[in-house]
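Chemist: Attaching a single structure in structure tokens format; questions to follow.
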There are 2 protein chains.
Amino acid sequence: MTLTILGCGAALPTKTRHPSAYILTVQDHVFLIDCGEGTQSQLERYSIKRSKIRQIFISHLHGDHVFGLMGLLTSYSLFGRTEAITLFSPEGLEEMIRVQLRITQSHLSYTLHFQVVDTEMSHLIFEDAKVTVHSIPLKHRVPTAGFLFREKELPRNIRPEKITEYNIPFVAIKSIKNGATFTLPSGEIVENTELTLAPPVPRSFAYCSDTMYYPPIVPIVKNIDLLYHEATFCENFASQATISMHSTAKQAALIAKAAQVKKLVIGHYSPRYNENEQFLVEAVTIFENTCLAEEGKVIEIGNW
Amino acid sequence: MTLTILGCGAALPTKTRHPSAYILTVQDHVFLIDCGEGTQSQLERYSIKRSKIRQIFISHLHGDHVFGLMGLLTSYSLFGRTEAITLFSPEGLEEMIRVQLRITQSHLSYTLHFQVVDTEMSHLIFEDAKVTVHSIPLKHRVPTAGFLFREKELPRNIRPEKITEYNIPFVAIKSIKNGATFTLPSGEIVENTELTLAPPVPRSFAYCSDTMYYPPIVPIVKNIDLLYHEATFCENFASQATISMHSTAKQAALIAKAAQVKKLVIGHYSPRYNENEQFLVEAVTIFENTCLAEEGKVIEIGNW
């Protein structure tokens, strides 16, 4: 599970910061989270295979999270894409996309599915054999949802040498992987812990942007491996954060601390700040294991 | 009069080419012509003062000419812009912009005027004391217009020493600037050419993209100083040019030659071509004074 940061600026792009776009790879998925202007170029720059993206998660319909979508979606057609794409977002995205497709006379070579995300309650919005995605209600100026990505717990791994040692038949293996004991012909019971090894610990990542300081996030992201939480301002612009319904670095760290996450990454920096260091200094006083979002940075999740 | 090239790629942005966007400065105007994705960042990169743009000319509603507009227009509001902007384009742009403003809940701090450009006939679409802009009907897959920018002819400049020499009264000066002679008290007539110097020669620039080879362009751009004509392909993909209603470098040069323009600049290169040299080699065999569009290049118009 890795997070690649394509854009960590706020609404106004600067020479060094693009608007929001993140790639989460988990198992065989390449999820795109938010899609600010220039995302397709950033995918190119950081060598992300755009063809592998099948799901795009849009947190809210502010331009800096969504104005890169049309370019990306129409470029797929130029590449002759046939695989469907599902767009998860609050209400309104479908109308915005369909109107532009019609007026620009763009005929997509693949199917677009739109799935509206409820921004008031946490729901399971995506699931397959290996991964779940839940929405996270956030509080911003427009309906906004974060996203919680979790690997599913895998069965335990059977130790091959034990199959030979105890002559375990094939039909018994599935139940042993799921935790069963094995009874020998003598009647002796072999404990599951002797027969199997624990599977890899499932990893988890949550994306919370944009949002004001909003403690109801805490129980939803409790104990996860990596939390991305926006930090548009530092405390020196706390009142501006309140007015615009954004968070400060301190507030992001308070959420991370309360949720006892393993690591926090902050971003969505206001262009008022030329340097990012100030955000880090402020956050680590509250939550030590904080790092800064930087474009092109790749974070391996769960290797800690 | 200078042309600054912000983006000269075709529909698919590449690592080195942005979609279409050009800045024409003429007199006190900073005109933006087309606005592909990433234009606002390109303005920043090449130090164009975006606040000075008051007119934006959109040739047609394909994404690579228009998907940068929403980012630019909403960023203006973040800067607190109050001066109105006029958007010239074929039918449909207003609906596309208004829907996005509504759904993204973007409230502009300034007024947007939309002026629909007829793509079937050439019209005067903008005029002030110093400049005129005419539309140029082009032939592409969707309604498309080019734009012809002309400085107006200024009055002749009076030679100050002649005012003293002939004791010319203030009231006579305006007519002399417009070409009148001056009659001395003796009845002797002083020719205008002795009293005045010719004004600077008005300069002219035309933007023709996207279009197939379309000779009706020729009389409209006859004898102008600089013609930008798209050259999406070279002749090795001439059939692809025909199908997609684009031009080859050779065809662009044929238009320039027939119109006897002073200089030709070609761009809108297909991503099939990694190098631009091939376009130039092909064009100069037909029209020698051709140059290549390159991002960041600034062309001083009329210094030849």
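Read-outs: derived from the displayed coordinates by stated rules, not from any lab. Nothing here was measured: the structure is a model prediction, and the numbers come from that model. FYI the Cβ positions are ideal-geometry reconstructions off the backbone, even for glycines, and counts take in every protein chain you see.
Chemist: Name the long-range amide H neighbours of B:Phe67: under 5 Å, sequence gap of 5 or more, or other chain; modelled H, no Pro or chain starts.
Modeler: Excluding prolines and chain starts, which carry no amide H, the hits are B:Glu37.
Chemist: Convert each backbone phi in the stretch A:264-275 into a coupling constant with the Karplus relation 6.51 cos²θ - 1.76 cosθ + 1.60 (shift: θ = phi - 60°), then list the ³J(HN,Hα) values in order as whole Hz, x for Gly and Pro.
Modeler: 10, 10, 10, x, 6, 5, 5, x, 4, 9, 7, 10
Chemist: Now, a different point. Please compute the net charge surrounding B:Leu226, taking Lys and Arg as +1 and Asp and Glu as -1 over other residues with Cβ under 10 Å from its Cβ.
Modeler: Taking every other residue near B:Leu226 into account, the sum is +1.
Chemist: Can you compute the helix-only [θ] at 222 nm over chain A? Use -39500 (n - 2.57) per DSSP H run of at least 4 residues, normalise by all residues, nearest 500 deg cm²/dmol.
Modeler: Result for chain A, helices only: -6500 deg cm²/dmol.
Chemist: Give me B:Leu254, B:Leu3 ranked fewest to most by other Cβ atoms within 10 Å of their Cβ, as a rough exposure proxy.
Modeler: With the fewest neighbours first, B:Leu254, B:Leu3 line up as B:Leu254, B:Leu3.
Chemist: At 7 Å along Cα-to-Cβ for each site, give me the label-to-label distance between B:Glu294 and A:Thr164 in nm.
Modeler: 6.7 nm
Chemist: Now for a different question. What does the structure give for B:3-12 when I average, per residue, the other chain Cβ atoms found within 10 Å of the residue Cβ?
Modeler: Taking the mean over all residues of the peptide, I get 1.
Chemist: Further, regarding this structure: How far is B:Lys174 from itself in the other copies, in nm, if each label sits 7 Å out from Cα along the Cα-Cβ line, shortest first?
Modeler: Here B:Lys174 shows inter-copy label distances of 9.9 nm.
Chemist: Report, by chain and number, residues whose modeled amide H sits under 5 Å from the one on A:Lys152, excluding near sequence neighbours (fewer than 5 apart, same chain).
Modeler: A:Val131, A:Thr132
Chemist: Suppose R0 equals 30 Å; then what is the FRET efficiency for B:Thr181 and B:Lys130 from their Cβ-Cβ distance, rounded to the nearest 0.05?
Modeler: 0.65
Chemist: Would you mind classifying the stretch A:1-147 by shape? Square roots of the alpha carbon gyration tensor eigenvalues, ordered a ≥ b ≥ c; an a/c under 1.5 is rounded, otherwise it is prolate if a/b is larger than b/c and oblate if not.
Modeler: Taking the square roots of the gyration eigenvalues as a ≥ b ≥ c, the stretch A:1-147 is rounded.
Chemist: Still on this structure, I have one more. Please give me the summed charge of the neighbours of A:Asp34: other residues whose Cβ is under 12 Å from its Cβ, Lys and Arg +1, Asp and Glu -1.
Modeler: My count for the surroundings of A:Asp34 gives -4.
Chemist: Hey, another quick one. Once the other residues with Cβ under 11 Å from the Cβ of A:Phe126 are scored (Lys, Arg +1; Asp, Glu -1), what is the net sum?
Modeler: Net charge around A:Phe126: 0.
Chemist: Amide H neighbours of B:Glu91 under 5 Å, at least 5 residues apart or on other chains, H built in the peptide plane: list them.
Modeler: Hits under the 5 Å cutoff: B:Val117.
Chemist: Counting other C-beta atoms within 10 Å, and keeping those with at most 13, which DSSP coil GluC sites (Glu not before Pro) do you find in the stretch A:248-292?
Modeler: Hits after loop and neighbour filter: A:Glu275, A:Glu288.
Chemist: If you don't mind, another one. In debye, nearest 20: dipole of chain B around its Cα centre with unit charges on the Cβ of K, R (+) and D, E (-)?
Modeler: 340 debye
Chemist: Express as a percent, rounded to the nearest 5, the fraction of DSSP beta bridges in the protein assembly as shown (both residues included) that run antiparallel.
Modeler: Restricted to the protein assembly as shown, the bridges split so that about 55 percent are antiparallel.
Chemist: Between the stretch A:245-280 and the stretch A:1-76, what is the separation of their alpha carbon centroids in Å?
Modeler: The distance from the Cα centre of the stretch A:245-280 to that of the stretch A:1-76 comes to 20 Å.
Chemist: Using θ = phi - 60° and the Karplus form 6.51 cos²θ - 1.76 cosθ + 1.60, what ³J(HN,Hα) does each residue of the stretch A:138-150 get, whole Hz, x for Gly and Pro?
Modeler: Result, rounded to whole Hz: 10, 10, 9, 6, 10, x, 9, 10, x, 9, 10, 9, 10.
Chemist: What's the longest bit of chain B with no exposed trypsin sites (Lys or Arg not before Pro), using DSSP loop states and at most 10 other Cβ atoms within 10 Å as the test?
Modeler: Here the longest segment lacking exposed loop sites spans B:50-304.
Chemist: Rounded, prolate or oblate: pick one for the stretch B:121-280, where a ≥ b ≥ c are the square roots of the eigenvalues of its C-alpha gyration tensor, a/c under 1.5 means rounded, and failing that, prolate if a/b is larger than b/c, else oblate.
Modeler: Judged from the Cα gyration tensor, the stretch B:121-280 comes out prolate (a/c at least 1.5, a/b above b/c).
Chemist: Where is the GNM fluctuation largest for chain B (alpha-carbon springs, 10 angstrom cutoff): B:Thr111, B:Thr39, B:Thr183?
Modeler: Ranking B:Thr111, B:Thr39, B:Thr183 by mean-square fluctuation puts B:Thr183 first.
Chemist: Also, quick follow-up: Identify the GluC sites (Glu not before Pro) of the stretch A:50-128 meeting these criteria: DSSP loop state and at most 16 other C-beta atoms within 10 Å of the C-beta.
Modeler: Listed in order of number, the matching sites are A:Glu83, A:Glu91, A:Glu120.
Chemist: Using each residue's phi in the stretch B:210-223, evaluate 6.51 cos²θ - 1.76 cosθ + 1.60 at θ = phi - 60° and report the 3J(HN,Hα) Karplus result to the nearest Hz, with x for Gly and Pro.
Modeler: Karplus values, whole Hz, x for Gly and Pro: 8, 7, 6, 4, 9, x, x, 5, 3, x, 6, 9, 3, 6.
Chemist: Right, another one. Given a 10 angstrom Cα cut-off, can you work out which residue in A:His113, A:His18, A:His140 is the most mobile in a GNM of chain A?
Modeler: A:His113
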